[in-house]
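Data first, discussion second: the structure below is written as structure tokens.
The values are calculated or read from the model by the stated rules, or taken from the named source; none is laboratory data. In this text the structure is predicted, and so the values were computed from the model without any measurement. Cβ sites come from the backbone with ideal geometry, for glycine too, and all protein chains shown count toward neighbours.
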There are 2 protein chains.
Amino acid sequence: MKKSDIYYWRSTAIKMAEQVQKAIAPLVGKEEASEIIRMGADGTPTKLIDLIAEDETINVLENTGRPVTLISEEIGYLKIGEEEDSEPQIIFVVDPLDGTTNAIKNIPFYGISIAIAEYHSSNVLPSLNDVKMGFVKNFATDDIYEALRGHGARLNNKKIKPSKQKSLEESSMGAFIYGTKFPKVDNICRIIRRMRILGSVALELSYVANGAYDAFMDLRGNLRVVDIAASKLIVEEAGGIVTTEKGDPLNGLLNVKERTSLIAAGNKQLHHEIMKALEVI
Amino acid sequence: MKKSDIYYWRSTAIKMAEQVQKAIAPLVGKEEASEIIRMGADGTPTKLIDLIAEDETINVLENTGRPVTLISEEIGYLKIGEEEDSEPQIIFVVDPLDGTTNAIKNIPFYGISIAIAEYHSSNVLPSLNDVKMGFVKNFATDDIYEALRGHGARLNNKKIKPSKQKSLEESSMGAFIYGTKFPKVDNICRIIRRMRILGSVALELSYVANGAYDAFMDLRGNLRVVDIAASKLIVEEAGGIVTTEKGDPLNGLLNVKERTSLIAAGNKQLHHEIMKALEVI
């Protein structure tokens, strides 16, 4: 991507975060926010607050006047503007509101996830490997986590590093351990120093990037790949690790049906400890 | 308690919350906040941010010029001012900073818990039953939950009610299920719709009072009774239920060594469902 394009799409992403934040603000903590409007492209019901958030992302992209593709939970896949066949496509992979339930209940932990991928249509289907930039904004605190592939990760424009904690016994870990058939999660519950489930995977993954969490895992098996497209890059650019629950690379396709589990850690040793505790290795 | 005293001590509590919030603000998200200063009265190490929070609570009480007793994690038991033997004592039971680890990591979920008990020294030792008012403030959002015994519970001055959800399968529940020897917690993990561990018990209990959570439990067995002195009253005054992990009434003594587990729910039926899932009944 050209430097001028990086600047352009970065400012688009930041504007998108701002606009979505404003659009949903009147609904936060309100019962009507959870009204079911229709079924989303991913096969789950769309709530009013999610719809309003997504409408705003479309708005922002339409206003750029540039050709761009949007991949998002409710709408699936949307081409905006015309492009030449020979040009690389810009794909915005957006979760307009991660932590919907928190927003509805006014639990201060929800935000937006925006990944920007560049994709040559002569290639195979676009995947997590094509993501060039990632943005995650916490709407309740205004914190912005971001990464540019090859150039590190930042929180509010300051470079961030993950935790160096190597011992699981001493770790603080985000861990979605309910609704899973994974057999050995109680090992983690027994060993871990401190466990959190805050309810927004994009934000909680970002916490691994700056060391607020030493590690994070989601073993429910139904995490949308598109929802972690930004935060995975942020963790990796900070220097952390994100894999599947088996320790394999996570290179899922960028479509709303693709789902996964994941394990993330600030460093290799802690990742290894988690895998051992889960008896994967 | 006389009406004029209720007003007086309520405004003292609200001022205390404000002052502590201001005092710790410069340390939120800072590494130095977690510096260990000394051992607290409860036998656990005191961090700098906790000490600053507690110093401020003492300050506020000293400035009232009235006789009052403070019970707090770090200092234990502190008599402020002189009182006549015949008069009922006012006891402030304060957790100056609940969610210390979140505050240090700038995870937006930490606050203060203030319970005000009235105690006649001719009685047995002061217990949760003597608590007349409870205040819990979320420092990251400025939300204030409060209750006056016999007069209901409020969030930001509006009356609140707990959830009517009766089915565990449909419930959102805060659940500290790590670091516990309780045998059947994985039943809850399997059944529950949505689980959270936000890391501040006083605030999470308050979430049961206004229905942000359908239920809450902490099965670690090391929850300080003084830390839930305010939020237990808030849940009960809203119409919810708080018991021990065995379903017994929770009437612990107001001292910093007393510890417990607990189960709270918005209604009797859901409480019963949780007890069944834990195979307590």
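Look through B:P45, B:P88 and report the one residue that is at pLDDT below 90, over 30 Å from A:Y207 (Cα atoms) and not aromatic (F, W, Y).
Answer to the check: B:P88.
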For residues that are part of a helix (DSSP H, G or I), touching a residue at least 24 places away in the same chain (Cβ under 8 Å) and within 7 Å of chain B (Cβ to nearest Cβ), tally how many sit in segment A:171-197. 0
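Can you tell me which residue in segment A:202-227 is nearest to the other protein chains (Cβ to nearest Cβ), limited to those that are within 21 Å of B:I191 (Cα to Cα) and either part of a loop (DSSP other than H, G, I, E, B) or of a type outside the set (K, R) (or both)?
Per the stated criteria, the residue is A:L219.
For the structure I just gave you, tell me whether A:E74 is in contact (Cβ under 8 Å) with a residue 12 or more places away in the chain and surrounded by 22 or more Cβ atoms within 10 Å (Cβ to Cβ).
Answer is yes for this residue.
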Does segment B:1-39 hold any residues that are touching a Ser or Thr at 6+ places or on another chain (Cβ under 9 Å), closer than 25 Å to B:L148 by Cα and either hydrophobic (A, V, I, L, M, F, W, C) or surrounded by fewer than 19 Cβ atoms within 10 Å (Cβ to Cβ) (or both), and which are they? B:Y8, B:W9, B:M16, B:Q19, B:V20
I need the full set of residues from segment A:157-170 which are within 11 Å of another protein chain (Cβ to nearest Cβ) and surrounded by 13 or more Cβ atoms within 10 Å (Cβ to Cβ), in order please. A:S163
Please determine whether any residue of segment B:251-273 is more than 21 Å from A:N102 (Cα to Cα), at pLDDT 95 or above and among the β-branched types (V, I, T). yes
